[in-house]
Structures are given as structure tokens and as C-alpha cells.
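For reference, the structure is listed below as C-alpha cells.
What follows draws every value from the coordinates through simple rules; no lab data is involved. Everything quoted here is computed from the prediction, not taken from an experiment. In this analysis, Cβ positions are derived from the backbone assuming ideal geometry, glycine residues included, and neighbour counts consider all displayed protein chains.
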2 protein chains.
Amino acid sequence: MSLIVQKYGGSSVADAVSIKRVAKRIVETRKAGNEVVVVVSAMGDMTDELVDLATEVAPLPSGRELDMLLTAGERISMALLAMAIKAMGFEARSYTGSQAGMATDARHGSARIVEVNPTRIREAIDAGAIAIVAGFQGFNRGTGDITTLGRGGSDTTAVALAAALGAEVCEIYTDVDGVFTADPRIVPTARKLERVTSEEMLELAAAGAKVLYIRAVEYARRHGVIIHVRSSFNNNEGTLVVNPQEGETVEEAMIAGIAVDLGEAKITVVGVPDVPGKAAEIFTIVATTEANIDMIVQNVSAADTGLTDISFTLPMADGARVMQTLLNEKERVGFESLQYDDQIAKLALVGAGMRTSSGISAKLFTALYEAGVNIEMISTSEIRISVVTRADTVEDAVRAVHTAFELDGDDVAVVHAGSGR
Amino acid sequence: MSLIVQKYGGSSVADAVSIKRVAKRIVETRKAGNEVVVVVSAMGDMTDELVDLATEVAPLPSGRELDMLLTAGERISMALLAMAIKAMGFEARSYTGSQAGMATDARHGSARIVEVNPTRIREAIDAGAIAIVAGFQGFNRGTGDITTLGRGGSDTTAVALAAALGAEVCEIYTDVDGVFTADPRIVPTARKLERVTSEEMLELAAAGAKVLYIRAVEYARRHGVIIHVRSSFNNNEGTLVVNPQEGETVEEAMIAGIAVDLGEAKITVVGVPDVPGKAAEIFTIVATTEANIDMIVQNVSAADTGLTDISFTLPMADGARVMQTLLNEKERVGFESLQYDDQIAKLALVGAGMRTSSGISAKLFTALYEAGVNIEMISTSEIRISVVTRADTVEDAVRAVHTAFELDGDDVAVVHAGSGR
């Protein structure tokens, strides 16, 4: 008998009908002879609605209270899901994050898991029940307070439970068929990947692929959990995210996929004195905002002025805050001005095979040139090349690159609307 | 510094505006130099909406899961209320039933409190914070599961906390100004009572007065908690529910008030063989339905037939179930037929002074006779006389009785819509 952890996002349990559909799917997995532990997000847009309510009563809601509020969301979906399963004649019990032993640090809104002690979950499945666990939430042992894990928290809950229970696989149900070579909404010929390494998945997620959250993939890699990303709308096999052992020979595709991120902006600090320590000074200031800085480019200093420009990309949501923080320090740093540009896009090519192949960059730049796409910034890692382009050219860019690297499949992918937490 | 427990029902926290209004009121109590513990119900109709969702996914939701589901309601309101108070510059922390140490038995949906251990609440108020506690919910120590206290549960939570913390008073905020001599919607000249004994309050609540739930009053009487029923819409003094000590001389009004209950029906078992044990047999059958039987009347047996009729009242909601259960046993019991009548009303006159006064019954029956109201059933306790009348005559009846016992006040009471859990 295998133990399977399944995670369903908010769009999969958006209403009573969806909940009954998911319940049926869980029961089928149980009937097939598996032990099943289910992690579930809040229904549909419930989390957003609760956040709206919070900002109505308090402009800056307390982190502790916001976590208390938001965890009501999974409490509702998990109880309803357990009821629906029981109505089908199977035993099911729902558990909050703290009942499931999800101990975290005390950082409200973005808590990290410090220990998972799923005694009650183990007891429930040993008693033949299906355990339904609230995603996204935990508790801090020191304070006794409820915490939440932040964006993608339910994925992380599922992977952490799979690790603690020694599950055979952690199935992440979503509204697409798996991980694709590119976003099928942009590239209709994108192919579903049968398998991808967790290293590649990390780079894809970091580069804007929305299908899995970085923290969940990191946790899976560290604990050797196999993730199976698949659709809750059909029974197709999805994509396996695997962790090849050190020294294990796996046939690695040169390119796993292409990710596009339209949620970033570029800030350019213009006219920075080209003296040692200035970059450090600027990014120390930026760090105080806790914004997530991605690519950084410094131009060659113009010999006649002794000034240089420094550009970096960051999530649009952090843009205004970082601009204001830098402006406050204009005198001290001594730069001339700031430029803000949110009409950019980031395209990233990811593949573990890059390590052993050459000419990838040349092929990428040629494809972009032939598609008439201008490259504004470049950054590379061992298994990734990222470029920044104008936002309005990125769709042409990704299609051209997809074809150039022979990623096009024969079929056209089907895409469903919506996405979970 | 006094410790005050305040309880706000669902209509007091129905939306963001109401929550901010309640927060202001709590802060004022704090500013006046009191320690404050607040018990709050779920927002507006949230509980009903959650119950509807539950019945959509499962025709008979599991009790454990229904409790898990419903407790999400207070989680939302208490977190929002704490945020709103913090936004006003006062420290506030919300606590679930289990965090507040509300240990109950394992009866899901109608759990009884077995112990209250409010260590965290005590710590919070000692640290200068306002503690916000979820009403209606507790947990069972044996199973570790969440429970709910059933109807009026939030009142009971408030009283139990007041007892455990040794609070000076337990303020129950509602949408009326206090406890009245009669329902002001029926008797516009009804007077607000300044004080009422818990014994009288129990009889009034049992007789249909909706302002406080029986279990909360019972708990308050047993633990010596003073309840102050008052409006959340103004700052008027409400009604004190007090517990006179044994031997304490209190000036007791002859009549505290008149309660009317339109939610009952009458079942008559016709043609019951008048032999010993038949009444016991019938009510043993009725007891299996767990319906809450109130008044019971057995007619004198007709000498020629050896048959008698037995009538009893019960909540309308239980009517169909009890009728069916009795019909199933018709042969065995040997009665002739059943009659069901839901066009009745129950009028109860309550007053601790009845113990030492005579002539109350005569005065009541005379008033009803003069108002042209026919009496169908009568039952009495030490401090209460109840009669059953036709539903369509009960408003005339209560006005006539109110006047006959000189309860009419000079002012006309103001009534607000809605009521809490």
C-alpha cells in the first residue's frame, strides 16, 4: 500500500460542485489501494476577500491577526472536503496546521517550517481514514500562535508532509496538465515535460513559471520528495519533478523550458560616481526594503565623467517602495537621478544540459536577433540564461526561441483558467 | 482596576463599519481604566451561510467536520476586531476557544464546558492587552478535536470566562436595551427591568424570552457571575441579572415580566387506555426523539370509555419527527389517533415574588377572560405561571396581562432589528 499526498489549490475547491468533484477523485485514489493525505487551499478567492476585509478595518493589519484571519480559509475548505468524502462512504478527518504538527518559526505571513510532527495524521491513516490537512498554515511552539507560510504555502505544506510521512509521491493538482517547455498561452506548440529535475524546476520557478513555488521545490529537493504536477481536470499523467542522485546518469535534455516573467520592473540609478563601494552602498539601501532584487547590470564608466549607471530588476509590487527609499538617500549616495521602467519582460532559458553544451548563448541571441527582439540585460547561471526585453516583444521572442531550440511539439496544449494558492 | 468581560453578537460585528464601532466601544472601556476581555460571535449571517455550504456538499454533515467548519466564523470576526483595536493604538490579541482554554466534552454541536483554563488570556491582560476570544467554540482534551457549544454558545463562553477570570461583570451586548417586562414589539409600554434575579431570568428564557440563553444564565447562577444585558447601539444602563445569596433579603417585584413563545406546537394523543403506565410508555417513546417537551396535560378519563387524552407542547421544529415516531408505535400503545396543532402560543408570567403572594393565578385568568382569550393548557412552577392560548389572541393577551399587573411604563421602548448568536 502506497502513501500518496495530494494537494488541491483554491480553484479546484472554489464551490460545492468543485469540492464534490475533488472528493470523488480522492476516493478513487483510496479505492485504488493507496493511503491518502490531502492538502487543501482556501476556496477560490476567499483569501483575497479576507485580506480586503482586513484592510477595511485596519490600514496595516497586525501580522499575528492577519494569520489568524487567513487561516479561517483552509478551515472552511478542509471541513467541507472531509464532509463530502464522508458522504461518499469513506472515513475522512480534517486537521489544522497545528493539529498536523506543522511547527514554524514566528515570522507571521512568511513563516518557515522548522519541524513537522504528523502524529495525528499518521494515526488517522493507520485507522484507515483519509486525512485532510489545511495548507499554508502552521503554528509557533514558543508563542502558541498561528502562522502562515506565505505565497505558495500550500505546495510547501504538501511537500513537507510528504517528506515527514515518507510518501511515495506528492501530487500537486493544478489547472494545467503539468510543466511545459513554455507557457502554452503564449506558445501553443509548447510540449508537456514528462520529467524535469528539481534544479531545472527551481530555475524555471525563479524565472517566472507559476506552476510550482520555489520554496516547495527547494524543500522537495532537500528531502528527496518526488513531486508530480498534474491537472485536476483530467487523469493524464503530468510532469514528474525528480531529484537525480549525485553521480546518477540521467539523460538530460539540453533545454527543459523557457519561462517568461512580466511582473518585473527595472530601476536604473543614473550618474553614480564610479568609486569603489558605491554599488555596495546602493544595494545595502535597497536591502532595507526587503525587495527581491533579481538581475543587476552596471555599465562601463564613461571616461570623461567618472560616472556610471546601475540597473536592476525587481518585482513591480516593490517598485514604488524601492524608488522612494533610494530617493531619500540621493544626497548621500551622490547619484544624478532614477529611472523606473515597468514595460520590460524577462525571458529565461533553463536546462541542466547547458552544463555540457556550448553555443547555447549564441543560438539564443541569434534567434532573438532574427525575430527583431532587442536585448537590454543579460544574466546567466550554470543552467540558465536570462535576458530582459521590451514587454511587447516578449511573446514573439519566446516563440522564436522555442522553435530555434526545437522544443515545438505536435499537439496544441489545452489551458484552463484560474490558479490556486 | 476592574476586569470586564464583554460579549458582542453577530449583528454587532456584521461588517467592517460595525466592527470599527465595536472596537471603539471596547477601547473606551479600556480607557476608563478597566481590563477588558471580549467574546465575539461570527459576523452577521456567516454561520447560516456555512451551514448551507455544508448541506450542499453532504446531506448529513459529520459533527466533527461541521464544528471545524463553523469555528472559522469566529476566527474571522475576532481577528478583524483585534486588528481594528490595534489600528486605534491599543494592544489586542485574538484567541481561539482552545487557545483560551475552553475544554469541553466531545459532543459535537452541543458540547458542554468541563473546565476553563484561561492562562493565555490572563497573560494577555496582565501584559496590558485587550483579549479577544472566539465565542461558541471549545476543544476536547481526549480527542484534541474542536467542538462548538450550540445555540447561545457565545453567551456561555462569555459567562464561563467571566467566572474563570473572576470578572466584576459580564456584559452581554445585544440589539435591545435590556430585559423588558414584555416584548416591546408586542407591548409598546413594556418597561426595561433594572435588575432581575437569575432564577427569574431562567424562567423567562425558558418561556421564550430571546434576550439570553438558558445555559448562559444557568452557568452564571452556578458560578455567581453578574450579567449586564445592554445595547451595543447606545450607552444606556441595561438590565443586571443578579444572584441573591441564600437568606439575602432583596425586594422582589411580584412580577418580573411576561414572555411569549410562538415557536411551539401541541400534540394530542387521543383515546389513550386509562391504565397505569400508559403515560410513561408514551413519553418514553417521545424521549427517543430527544425533543424538548414542555407542558403536559392529561384530561380526566371519561367514565364510560375508559379512555383519556394526553396533550403536550414541544418546539415546532421537532413536531413532524415526534408525530412519526408516535405513529410507528400506535398499535403497541393502543391510542386512537394523534392531533397536531401549531397555531398555539405560550404566555408565561414570571416573578420571584409569586412565592409569597397569592391570588396571582386568579388575577391572570381574570385578565385573560376580560380580554376574551381562551386558555387551553395551564402549568405552573414556583415562580411562573404558563398558559397556552390560540396564537392569534396572544398579543391581546399579553397586553391585557401587562396592564392588569401594572407593568406598563411611561415610555415607549425602541427596538432594533437583528439578533446575535
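Structure summary
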{"item": "Extension gain (nm, one decimal) between B:ARG185 and B:ASN328, 0.36 nm per residue minus Cα-Cα", "result": "47.4 nm"}
{"item": "For the range B:325-386, convex hull of alpha carbons as volume per residue, Å³", "result": "137"}
{"item": "Within the protein assembly as shown, percent of DSSP bridges classed antiparallel, to nearest 5", "result": "60"}
{"item": "Whole-number D in µm² s⁻¹ for the range B:271-377, Kirkwood Cα-pair radius fed into Stokes-Einstein, 4 °C, 1.567 mPa s", "result": "80"}
{"item": "Mean Cβ neighbour count within 10 Å, used as a protection proxy, ranking B:10-16, A:287-293 highest first", "result": "B:10-16, A:287-293"}
{"item": "Nearest-first distances (nm) between copies at B:GLN245, label 7 Å from Cα via Cβ", "result": "7.9"}
{"item": "For chain B, built as a Gaussian network whose Cα springs stay under 10 Å, the top-fluctuating residue of B:ILE130, B:ILE186, B:ILE285", "result": "B:ILE285"}
{"item": "Packing-based exposure ordering (other Cβ within 10 Å, fewest first) of A:PHE283, A:PHE405, B:PHE233", "result": "A:PHE283, B:PHE233, A:PHE405"}
{"item": "Amide H contacts under 5 Å for B:SER94, placed H, 5+ residues apart", "result": "B:ILE132"}
{"item": "Cut-off under 5 Å, modelled amide H: who pairs with A:ALA265 long-range", "result": "A:LEU314, A:MET316"}
{"item": "Above-threshold pairs, the threshold being 19 Å between Cα atoms, out of B:LYS24/B:LYS210; B:LYS210/B:LYS363; B:LYS278/B:LYS330", "result": "B:LYS24/B:LYS210; B:LYS210/B:LYS363"}
{"item": "Helical segments meeting 27 Å axial Cα length and Kyte-Doolittle -1.0 threshold in chain A (DSSP H)", "result": "A:63-87"}
{"item": "Local electrostatic count, A:GLY319, Cβ distance below 11 Å [Lys/Arg +1, Asp/Glu -1]", "result": "-2"}
{"item": "For A:VAL39, distant residues with modelled amide H under 5 Å away", "result": "A:GLN6, A:LYS7, A:TYR8, A:VAL133"}
{"item": "Residues A:HIS402, B:HIS228 arranged by fewest to most Cβ contacts within 10 Å", "result": "B:HIS228, A:HIS402"}
{"item": "Per-residue average of Cβ from other chains inside 10 Å of B:83-92", "result": "4"}
{"item": "Efficiency of FRET between B:ASP52 and B:LYS24 - r from beta-carbon atoms, R0 41 angstrom, step 0.05", "result": "0.80"}
{"item": "Net charge of neighbours whose Cβ lies under 13 Å from the Cβ of B:ARG222, counting Lys and Arg as +1 and Asp and Glu as -1", "result": "+1"}
{"item": "Average beta-carbon neighbours from other chains, 10 Å sphere, peptide B:59-72", "result": "6"}
{"item": "Cα-based Kirkwood hydrodynamic radius, chain B, one decimal, Å", "result": "23.1"}
{"item": "Least to most buried among B:ARG93, B:ARG151 (fewest other Cβ within 10 Å first)", "result": "B:ARG151, B:ARG93"}
{"item": "Residue among B:GLY135, A:SER12, B:GLY238 farthest towards the positive dipole end of the protein assembly as shown, charges placed on Cβ", "result": "B:GLY135"}
{"item": "Cα Rg, Dmax, the range A:282-345, angstrom units", "result": "12.2, 37"}
{"item": "For chain B, built as a Gaussian network whose Cα springs stay under 10 Å, the top-fluctuating residue of B:ALA84, B:ALA207, B:ALA131", "result": "B:ALA84"}
{"item": "Hull shadow area, averaged, the range B:1-96 [alpha-carbon convex hull, nm²]", "result": "6.4"}
{"item": "Alpha carbon Rg of the protein assembly as shown, scaled by the compact-globule rule 2.2 N^0.38 Å", "result": "1.20"}
{"item": "Average other protein chain Cβ within 10 Å of Cβ, residues B:43-53", "result": "1"}
{"item": "Angstrom value of the Kirkwood radius, inverse mean 1/r, which spans all Cα pairs in the range A:3-174", "result": "15.8"}
{"item": "Cleavage-rule hits, GluC sites (Glu not before Pro), the range B:308-375, DSSP coil, Cβ neighbours within 10 Å at most 14", "result": "B:GLU336"}
